[in-house]
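Student: Before I ask anything, here is the structure I am working with.
Just so you know, all these numbers are worked out from the coordinates, no wet-lab data involved. Everything numeric here is computed off the predicted structure, so don't read it as measured data. Heads up, the Cβs are rebuilt from the backbone with ideal geometry, glycines too, and the neighbour counts pull from every protein chain shown.
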Amino acid sequence: MAGLGNSMRLIARAVMALTLLLCCGSDGAMAQQKTPVPAPAAAQPSLPVTLEQALYLIRSTLLTLNDANRTGNYTVLRDLAAPDFQARNTAADLGLNFLDLRRRNFDLYGAALLAPQFSDAPALDQQGMLRLAGYIPTRPRQIQFDLTFQTVAGQWRLFAIGIATPEAASSQPQAQATPAKPAVPAQRKAP
């Protein structure tokens, strides 16, 4: 009979433990469900491209321009650009636009080695064009860029380009690129 009493006590304890577990377990789940989850967009504003994509677009554009300046052949730069850019510019036009850089034999290789500093976060304009503006902190002259890209068949393609090569400031923060006219791919001359 003592064995039966012990068995009844064990069963009673098990039932109470199970009841407590079910009550506490459901309250815990409800408390977790009631806790608001912050929206990821609220924590960080959404960029139109990742920083890696922006870095790729800047570097590939500047290095393609560098190759065009070194060879005097701007057809690849033009052919890789958006159709609107191609319609506005011949390879000869681009050669004239970047004549100063070519004559000075200015090498844009710093774009491959140094991280660009953005003057503004990558953003889309009202027409859905991507604008990337900033500078590459090369010395003694920095490379300021103002690039606009248009999406064509799911790819960002060059729509406008502005390049300047001012002297890098020695002890002051780097100067920011002056915005280029989005429809005119012209080189800006250093002051």
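Student: What ³J(HN,Hα) values, in whole Hz, does the Karplus curve 6.51 cos²θ - 1.76 cosθ + 1.60 give for the stretch 132-142 when θ = phi - 60°, with x put for Gly and Pro?
Tutor: 10, 9, x, 8, 9, x, 7, 10, x, 10, 8
Student: Within 15 Å, Cβ to Cβ, of Thr64, how many net charges do the neighbouring residues add up to if Lys/Arg are +1 and Asp/Glu are -1?
Tutor: The answer is +2.
Student: With a sphere of radius 14 Å drawn around the Cβ of Gly128, what net charge do the other residues whose Cβ falls strictly inside it have (Lys, Arg +1; Asp, Glu -1)?
Tutor: Once positives and negatives cancel, what remains is 0.
Student: With θ set to phi - 60° and the Karplus curve 6.51 cos²θ - 1.76 cosθ + 1.60, what are the ³J(HN,Hα) couplings of the stretch 62-72 in order, to the nearest whole Hz, using x for Gly and Pro?
Tutor: Once rounded to whole Hz, the list reads 5, 6, 5, 5, 4, 5, 4, 5, 5, 9, x.
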